[in-house]
Amino acid sequence: MARPQQQNYMTADDYLAWEAQQSERHEYIDGEAFAMAGAEDRHVTVTGNLYIALRSHLRGSCCRTFMSDMRLQVQASNAYFYPDVMVTCSDADHASSLSKSEPVLLCEVLSPGTSSFDRGAKFAHYRQIASLQEYVLVDVGLRTADVYRKGTDGLWVLHPFIGAQAVELASVALTVPAEELYAEIEPPVAAADGDGGTE
């Protein structure tokens, strides 16, 4: 995650007023605002592919799909984030035009600079959202999608999808074929015989 943009403590209301005046997006965690780095083309493409699949599937339902310009409030953490893709089916979220707080599905497409944060601290924040049922982490280079799904016992279980496997999103009853998720993305370069390495 990027360094804080404000060294003095900011309340959530301070952040929201300040953020509305900024040309770039910032996430907020309990008093500090963090600038968001730009993304490479593969990241943006896969984010768009996932958004299109979800929006098409959910059209006409009570659920709405949003991309990374929509802000997510995590009330329990006093935090605001911009997930790559978010789905909410909440009436309260429908009534809130500037931020959402009751998603059922959150998706992050990993970047080298944010991967550890997305897998660790950010997931810890997201797990505090009572409505959340699934958290998806897509690694474009490795062609993997790690789907963390919350069970009826409240425990989060990893469901990994690799390579050509279709990605199953139980929270919205959607299966996304790998060729659809990675459409317009160059395939990974195969390792040379005996190399054993990955991209």
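The values are calculated or read from the model by the stated rules, or taken from the named source; none is laboratory data. Computed from a prediction, not measured in an experiment: that's the story for all the values here. Neighbour counts are summed over all protein chains in view; Cβ atoms, including those assigned to glycine, are modelled from backbone coordinates with ideal geometry. Calculation scope for accessible area: heavy atoms of the full protein, side chains included, ligands and nucleic acids excluded. Shrake-Rupley method; radii C 1.70, N 1.55, O 1.52, S 1.80 Å.
All of (1) outside any strand (DSSP E or B); (2) out of contact with any helix residue (DSSP H, G or I) (no Cβ under 7 Å at 6 or more places or on another chain); (3) open to solvent by 10 Å² or more (accessible area, probe 1.4 Å) hold for Pro83 with one exception: (3). On the basis of being among the charged types (D, E, K, R) and either under 20 Å from Glu24 (Cβ atoms) or in contact with a helix residue (DSSP H, G or I) (Cβ under 8 Å, 6 or more places away or on another chain) (or both), does Arg127 make the cut? Criteria not met by Arg127.
Within the range 19-67, can you find the residues that are closer than 21 Å to Val172 by Cα and free of Cβ contacts under 8 Å to residues at least 24 places away in the same chain? Of everything in the range 19-67, those that are closer than 21 Å to Val172 by Cα and free of Cβ contacts under 8 Å to residues at least 24 places away in the same chain turn out to be Gly48, Ile52, Arg55, Ser56, Arg59, Gly60, Thr65, Met67.
Of the numbered criteria (1) of a type in the set (Asp, Glu); (2) within 30 Å of Thr144 (Cα to Cα); (3) more than 19 Å from the chain's Cα centre (by Cα), the one Asp69 fails is (3). Within the range 141-181, the only residue that satisfies the criterion of being among the charged types (D, E, K, R), assigned to a loop (DSSP other than H, G, I, E, B) and exposed (fewer than 15 other Cβ atoms within 10 Å of the Cβ) is Asp153.
Scanning the range 134-149 for residues that are under 26 Å from Ala92 (Cβ atoms) and within 13 Å of the chain's Cα centre (by Cα) yields Glu134, Tyr135, Val136, Val147, Tyr148. Screening Ala17, Ala2, Ala37 for residues that are surrounded by fewer than 19 Cβ atoms within 10 Å (Cβ to Cβ) and at pLDDT 95 or above leaves exactly one candidate, Ala17.
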